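Chemist: Starting off with a structure, shown below.
Just so it is clear, none of the values below were taken in a lab; they were calculated from the coordinates. From a predicted model like this one, the values you see are computed outputs, not experimental measurements. Reconstructed Cβ throughout: ideal geometry from the backbone, glycine too, with neighbour counts over all protein chains shown.
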Amino acid sequence: MFKNLLSALPTLRKSAHTDTTEVTIDISRVIKPARHAMPDSDVTTGQDSFIGWDSPETLGSLAEDAVDSLSGQFEAWMQSDLTALYSAWKIAQQPDATAEDYRAVFTVAHNIKGAANSYGYPAIARLSGSLSRLLTETRPGENSALINLHVEACRAAFKSIGQGSDGQSIAEAVCEALEDRVEMKVAQA
């Protein structure tokens, strides 16, 4: 089934976009090379058994432990990603900005969209998803004000985490307003 899915991807990519530039998605922080199971000797039988690979409960527990061990780093990773987004946007705002500069903003926003929910930042995931959609229909020099609103809203959403339901309500309202504005821009393109 996975092989069928992979073989279908190039077809889907070609039909969805006319741009053939590949997007590089950075998953290295959350996907690490597989560790091999270590044998655990059974004292009663004298045989080795591989603990952790034979039971769904054990695998689930190992996955939860892995996420818990990483969760302390989520805030730092999100801050780093938002800094990269801000930096890429500053470069793309220059008068001599190229399509590649805008593509860099798209790539960072797309990476944030993929990771932000897992990190516990759903508003930032929505905002970066909306920004990614906008950037697919944007040429250098276009939609600067709307792109800037997205970048600044992501930064504000990150700073407002933990400010209770008021902060969440404001973040949702901003997300909805920006998503609506992007839909209007994309429909006009």
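Chemist: Could you check segment 74-189 for helices (runs of 4 or more DSSP H) lying wholly inside it with 1 or more residues that are in contact with a His (Cβ under 8 Å, 6 or more places away or on another chain) and of a type in the set (S, T, N, Q)? Even if it seems obvious, please write down each step before you answer.
Modeler: Numbers: elements: 74-92, 99-119, 122-136, 144-160, 164-188.
Counting at least 1 such residues, we get 122-136.
Chemist: Restricted to segment 77-103, and to residues that are small (Gly, Ala, Ser) and under 14 Å from the mean Cα position of the chain (by Cα), which residue is farthest from Ser144 (Cα to Cα)? Outline the logic, then answer.
Modeler: Restricting attention to segment 77-103, the residues satisfying the condition of being small (Gly, Ala, Ser) are 80, 84, 87-88, 92, 97, 99.
Subsequent filtering for residues that are under 14 Å from the mean Cα position of the chain (by Cα) retains 80, 84.
On the way: Ser80: 23, Ala84: 17 Å.
Checking each candidate, the answer is Ser80.
Chemist: What is the number of the single condition among (1) free of Cβ contacts under 8 Å to residues at least 24 places away in the same chain; (2) surrounded by fewer than 15 Cβ atoms within 10 Å (Cβ to Cβ) that Lys113 does not meet?
Modeler: Lys113 satisfies every listed condition except (2).
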